[in-house]
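Below is one structure, written out as structure tokens; the observations come after it.
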Amino acid sequence: MSEILKSADADAPPSQVIPFGKPDSANDPAPTLREPVRPRILAVANQKGGVGKTTTAINLGTALAATGETVLIVDLDPQGNASTGLGIERRARRTSTYDVLTGNVPMRSAVLPTAVPRLHIAPSTMDLSGLELEIGQQRDRAFRLRAALATLNDGAREIVFTYVLVDCPPSLNLITINAMAAANAILVPLQCEFFALEGLSQLLQTVEQVRTSLNPQLSIHGIVLTMFDARNNLSSQVVADVRQFMGSAVYETVIPRNVRVSEAPSYGKPVLVYDLKCVGSEAYLRLATEIIQRERALKAG
Ligand SMILES: Nc1ncnc2c1ncn2[C@@H]1O[C@H](COP(=O)(O)OP(=O)(O)O)[C@@H](O)[C@H]1O
Ligand SMILES: [Mg+2]
């Protein structure tokens, strides 16, 4: 991350520099016709792998769709776990988020429906791991996702997205910076394990840097504790520590470790579809309710 910022402003005086250049939209004239609906954009981010980012994106997306929202999950991990977990086969990924971020391909061309009504996905492929090489020298490299999402709801459409959830890779690289530059808010899954807090300050620091240089409106939506194991004293200790350290940023809902949650992706289904009654599904429904409540509070100002 610091490397990306450094290389960007090395050749210009710091006071005048916007490290990644201006987004294309900065010079657009004010829209005069009917304003397209702007979706809320939440990025699910943590540079650690295996903490529950993809699981949270899939199941939060499903829960939001169940409450009537129209949701797009943008898979920004080259591993493509969100795409696989939602049943999108590799050969169906003809247009991917790589094409959207590198070419002039509109986000809509990558969007595929899922088996869940009102839940859609823009899938990823391994190509995405080459993003940095491909666009790392471009002035607008950090704003590719923001630009692609700015036109998501343009034109008369049957499907108008109200939420975009961005599933980030386990790294603070250019892909994650694109997600942070495009997002209204960040959602951080933290696994209930001994090193839960390790790396969190680096993540928060990155969010702060993105806020000051690329995206002044960026906020932390909340921290969700995942894979809580009631039989393990350490899990409870971690919950207590994280709540003490991060206060009200931590959602009340804690996601338990639940085998049904880990089985669901191999069937290409969200756990909410695979087994609605299991404790994992119940927890994700509670989390969605909490998130919607926070959203209402934010909208009310
Ligand atoms: N609450 C949970 N209970 C059991 N297994 C889980 C739970 N949440 C995630 N997992 C499993 O843990 C692994 C990592 O989760 P994942 O969401 O892919 O993390 P990330 O996207 O942060 O790498 C996956 O195999 C997933 O199925
Ligand atoms: Mg993942």
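The mean accessible area for residues of the chain, using a 1.4 Å probe and ignoring ligands and nucleic acids, is 48 Å² per residue. Per-residue ellipticity at 222 nm, computed for the chain from helices alone with -39500 (n - 2.57) per DSSP H run of at least four residues, works out to -10500 deg cm²/dmol. Qualifying GluC sites (Glu not before Pro) in the stretch 117-196, where qualification requires a DSSP coil assignment and no more than 11 other C-beta atoms within 10 Å, comprise E158. Charges were assigned to the Cβ only: +1 to each Lys and Arg, -1 to each Asp and Glu. The resulting dipole of the chain about its Cα centre is roughly 580 debye. Taken over the stretch 35-300, lysine pairs spaced eight or more positions apart, or on distinct chains, with alpha carbons under 29 Å apart number 5.
Look at the dipole of the stretch 139-198 built from charges on Cβ: of V166, A142, F194, the Cα furthest out on the positive end belongs to A142.
Expressed as a whole percent, the proportion of Cα-Cα pairs in the chain lying more than 37 Å apart is 11%. For the stretch 89-198, the Cβ-based charge dipole about the Cα centre amounts to some 380 debye (Lys, Arg positive; Asp, Glu negative; other atoms uncharged). Atom-type composition of the exposed protein surface of the chain places 52 percent of the accessible area on carbon and sulfur (1.4 angstrom probe). Electrostatic bookkeeping for T125 treats Lys and Arg as +1 and Asp and Glu as -1; over the other residues with beta carbon under 13 Å from its beta carbon, the sum is -1. By the Stokes-Einstein formula, at 1.567 mPa s and 4 °C, the stretch 42-185 with its Kirkwood radius over alpha-carbon pairs has D equal to 87 µm²/s.
Full extension of the chain between D140 and S236 gives 30.2 nm of extra length, using 0.36 nm per residue less the Cα-Cα distance.
The values are calculated or read from the model by the stated rules, or taken from the named source; none is laboratory data. Predicted model only: the values in this text are computed from it and were never measured. Quick reminder, even Gly has a Cβ in these numbers, built from the backbone with ideal geometry, and neighbours come from all protein chains shown. Protein only, heavy atoms only, side chains kept; ligands, DNA and RNA dropped before computing areas. Shrake-Rupley method; radii C 1.70, N 1.55, O 1.52, S 1.80 Å.
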